[in-house]
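Undergrad: The structure that follows is given in the form of structure tokens.
The values are calculated or read from the model by the stated rules, or taken from the named source; none is laboratory data. Computed from a predicted model, the values in this text were never measured in an experiment. Here the Cβ positions follow ideal geometry from the backbone for every residue, glycine too, while neighbour counts run over all protein chains shown.
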Amino acid sequence: MKNFFQNKRKVRGFKEFLYILPFLALVAVFSYYPLYGWVYAFFDYKPPFPLSINQFAGLKWFKSMVDNPVKTMQILKVLRNTFAMSGLSLLFSWFPMIFAVFLNEIKCVPFKKFVQTVTTLPNFISWVLVYSIAYCLLNSTGVVNSVLMNLGVIDTPQLFLQSSSHVWFKMWLWLTWKNAGWSAIMYIAAITGIDEELNEAARVDGASRMQIIWNITIPSILPTYFVLVMLSLANFLSNGMEQYFVFENAFNKESIEVLDLYVYNLAMGSGGYSLSTAISILKSVVSVLLLCCTNGISKLIRGEGFI
């Protein structure tokens, strides 16, 4: 009988492993197999020639980041932009949580669903379409300039998209508009998991809606918030490049070029495949170290890690 139950558990475990096997295969193909490309960082690679006929360079491209003052200044400038963009996102990471809390307080169900749908849809719009919307609104003949000139607020059209001022804040606004509704879904799910008896008991004791939010709702979803913040810390150097690529122009390039976009421009523009790969390797190593550090912080603060 004991062997029967042990075999039954093994069969069940094997079946469950087969369920996740396709996802493990996808991770292996799209996340681990491309790591083979790291070998380009150790060669003087010149496309389109095969790697076998390119000269082995060792750590040459890693050393060039600090030996060449021009490259060092470029990388420092790009890191400044990366830290600024990620820092703003981290600083306002509480916004989706507060948005979810107040969205949950809307009692009119049709209006609540309408707001949630409208704020979630932008997440599924590509950054190319987002830029098209921004161009229609903010170019010299766009809606915003037309309204401001008709109201007499300005005399000449303003070049909002070509301006180099407040670039970091503008990019954060577009990112928040696109992702806030989608990010709030996780907090809404956490709110639905709160025991309704706690809210009922608070109402019986005479607590107002704001008191219930402050003393029950927010403390209940703070663990979710801390986990998401720590994951954001682990991905601090990963801003993505699509948003900054479509919004980049000659006027704002100095402030908008983040690390991912710099690596892309370096590889595609000047053919610096080996250097861009070396920078990507260092970025991955730093990201893994940040993940380990944030996991350690999570264990100290919450008593458990997320990996």
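Undergrad: Inspect all residues belonging to the stretch 165-187 and state whether any of them is among the basic types (Lys, Arg), modelled with pLDDT under 90 and out of contact with any helix residue (DSSP H, G or I) (no Cβ under 6 Å at 6 or more places or on another chain).
TA: No, the conditions are met nowhere in the stretch 165-187.
Undergrad: Also, I was wondering about something else. Restricting attention to the stretch 55-69, report how many residues are touching a strand residue (DSSP E or B) at 6+ places or on another chain (Cβ under 8 Å) and more than 14 Å from Gly272 (Cα to Cα). Talk me through it step by step, then tell me what you get.
TA: To start, the set of residues in the stretch 55-69 that are touching a strand residue (DSSP E or B) at 6+ places or on another chain (Cβ under 8 Å) comprises 55-57.
Imposing the further condition that a residue be more than 14 Å from Gly272 (Cα to Cα) reduces the set to 55-56.
Residues flagged as touching a strand residue (DSSP E or B) at 6+ places or on another chain (Cβ under 8 Å) and more than 14 Å from Gly272 (Cα to Cα) within the stretch 55-69 amount to 2.
Undergrad: Just to be sure I understand, how many residues within the stretch 268-305 are closer than 16 Å to Gly37 by Cα and either of a type in the set (Gly, Ala, Ser) or loosely packed, with under 14 Cβ neighbours inside 10 Å (or both)?
TA: First pass over the stretch 268-305, keeping only residues closer than 16 Å to Gly37 by Cα: 268, 271-285.
Remaining after also requiring either of a type in the set (Gly, Ala, Ser) or loosely packed, with under 14 Cβ neighbours inside 10 Å (or both): 268, 271-272, 274, 276, 278, 280, 284-285.
Number satisfying all stated conditions: 9.
Undergrad: Please verify whether Ala250 is assigned to a loop (DSSP other than H, G, I, E, B) and either aliphatic (A, V, I, L, M) or at pLDDT below 90 (or both), treating the condition exactly as stated.
TA: yes
Undergrad: Out of (1) charged (D, E, K, R); (2) part of a helix (DSSP H, G or I); (3) within 30 Å of Leu222 (Cα to Cα), the odd one out for Lys107 is which?
TA: Exception for Lys107: condition (2).
Undergrad: Additional query: Could you list, ordered by first residue, the pairs with Cβ atoms under 7 Å in which the first is in the stretch 98-117 and under 12 Å from Ile191 (Cβ atoms) and in contact (Cβ under 8 Å) with a residue 60 or more places away in the chain and the second is surrounded by 12 or more Cβ atoms within 10 Å (Cβ to Cβ) and basic (Lys, Arg), at least 6 apart or interchain?
TA: Going by the 7 Å Cβ cut-off, the qualifying pairs are Leu103/Lys112; Glu105/Arg209.
Undergrad: Test of understanding: among Ser270, Ser255, Ser232, which residue is modelled with pLDDT under 90, over 15 Å from the mean Cα position of the chain (by Cα), closer than 30 Å to Ala41 by Cβ and hydroxyl-bearing (Ser, Thr, Tyr)?
TA: Every option except Ser270 fails the conditions.
Undergrad: Checking Ala134 against (1) closer than 30 Å to Ser276 by Cα; (2) crowded, with 17+ Cβ neighbours inside 10 Å, which single condition isn't satisfied?
TA: Unmet for Ala134, out of (1) closer than 30 Å to Ser276 by Cα; (2) crowded, with 17+ Cβ neighbours inside 10 Å: (1).
Undergrad: Just checking: which of the helices (runs of 4 or more DSSP H) contained wholly in the stretch 156-215 hold 3 or more residues that are under 21 Å from Tyr244 (Cβ atoms)?
TA: The qualifying helices (runs of 4 or more DSSP H) are 167-192.
Undergrad: In contact with a Ser or Thr (Cβ under 9 Å, 6 or more places away or on another chain), closer than 24 Å to Tyr262 by Cα and hydrophobic (A, V, I, L, M, F, W, C) - does that describe any residue in the stretch 97-120?
TA: So far as the stretch 97-120 goes, no, none of its residues is in contact with a Ser or Thr (Cβ under 9 Å, 6 or more places away or on another chain), closer than 24 Å to Tyr262 by Cα and hydrophobic (A, V, I, L, M, F, W, C).
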